[in-house]
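Structure first, commentary second.
The values are calculated or read from the model by the stated rules, or taken from the named source; none is laboratory data. Remember, it's a predicted structure, so these values are computed and weren't measured experimentally. So basically every Cβ, Gly included, is an ideal-geometry build from the backbone, and we count neighbours across all protein chains shown.
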Amino acid sequence: MQGIVTGASRGLGLALTRALVERGWQLVVDARDGAALERAVAGLEGVVGLAGDVADPEHRRRLVEAAGEPIDLLVNNASLLGPTPLPALAAYPLEELRRVYEVNVFAPLALAQLVLSRSAETARIVNVSSDAAVEAYEGWGGYGSSKAALAQITAILGAENPGLRAYAVDPGDMRTQMQQDAFPGEDISDRPPPEESVPGLLALVEGNLPSGAYRARELVRAPA
């Protein structure tokens with residue numbers, strides 16, 4: 001089984017990569033920080049790390065070429081929070097918002113388009129979403145609206161490709177660098193580690209649930 005996981009140098013992406021490797025997956029993974037990515041995947045058998053930005057078309061092409069055929073899984077985990085402290089929409093710099101959408105919306109769709117041309121009929125696309133896609137949190141207008149757009153894209157991909165399993169999954173609060181960046185100076189040690197969200201993602205990768213939107217931590221209590 002072959003797949004791609006973006007944003008895999010730390011946090012949820014790295015935790016999921018490790019779990020998939022334990023299950024025999026051959027993976028191509030990426031992150032913007034090449035040195036951090038190299039350290040993260042060192043010793044992981046069957047994992048190829050390619051440093052780069054998912055917003056770069058050439059980098060996306062390299063990821064898909066390296067994954068080979070067929071591609072059984074695409075996990076769009078790489079995300080951009082945007083400027084911090086999180087600004088209100090009335091003051092949100094539009095160039096920054098465009099960058100958020102480039103990474104969180106356009107790049108996942110572009111990768112999905114490439115993958116669909118060489119995927120197996122039973123392929124999975126897992127797009128990491130957020131509760132900020134549905135809840136109106138102050139300051140989360142940029143990130144949240146980008147994740148809402150990603151969730152709708154995911155739903156339509158599933159409707160247009162009946163053989164595909166397309167999932168938008170909310171991993172829940174996690175003790176990650178992005179969460180710390182969103183709450184500068186606050187103690188986030190009470191958040192669970194990203195490893196606690198991995199079983200829910202594996203339920204989507206390995207199960208037979210229909211395309212749709214899910215909460216990762218609810219899936220471990222529900223039948224697959």
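Some notes on this structure:
- Filtering the range 115-142 to residues that are modelled with pLDDT of 95 or more and over 23 Å from Leu209 (Cβ atoms) leaves Gly141, Gly142.
- For the range 85-97, the criterion of a residue being under 28 Å from Gln2 (Cα atoms) and buried (at least 20 other Cβ atoms within 10 Å of the Cβ) is satisfied by no position.
- Qualifying positions in the range 164-195 - free of Cβ contacts under 8 Å to residues at least 24 places away in the same chain and of a type outside the set (S, T, N, Q): Asp173, Arg175, Phe183, Gly185, Glu186, Asp187, Ile188, Asp190, Arg191, Pro192
- Qualifying residue in the range 204-221 (condition: more than 18 Å from the chain's Cα centre (by Cα), of a type in the set (D, E, K, R) and under 29 Å from Arg99 (Cα atoms)): no
- Listed by first and then second residue, the pairs with beta-carbon distance under 9 Å, at least 6 apart or on different chains, first residue in the range 114-143 and in contact (Cβ under 8 Å) with a residue 60 or more places away in the chain and under 25 Å from Ala66 (Cα atoms), second in a loop (DSSP other than H, G, I, E, B) and aliphatic (A, V, I, L, M), are Arg124/Leu164; Val128/Ala78.
- Asp131 among the acidic types (Asp, Glu) and within 13 Å of the chain's Cα centre (by Cα): no
- Residue in the range 66-79 that is modelled with pLDDT of 95 or more, out of contact with any strand residue (DSSP E or B) (no Cβ under 8 Å at 6 or more places or on another chain), farther than 16 Å from Ala133 by Cα and in a helix (DSSP H, G or I) present: no
- Sole exception among (1) over 30 Å from Pro199 (Cβ atoms); (2) assigned to a helix (DSSP H, G or I); (3) touching a helix residue (DSSP H, G or I) at 6+ places or on another chain (Cβ under 6 Å); (4) not hydroxyl-bearing (Ser, Thr, Tyr) for Ala19, by number: (1)
- The set of residues from the range 22-51 being within 15 Å of the chain's Cα centre (by Cα) and either over 28 Å from Glu196 (Cβ atoms) or part of a loop (DSSP other than H, G, I, E, B) (or both) comprises just one member, Arg32.
- In the range 73-94, the residues that are over 30 Å from Glu206 (Cα atoms) reach residues that are of a type in the set (Gly, Ala, Ser) and at pLDDT 95 or above with C-beta atoms within less than 6 angstrom, at least six apart or across chains, in these pairs: Gly82/Gly142; Leu89/Gly141; Tyr92/Gly142.
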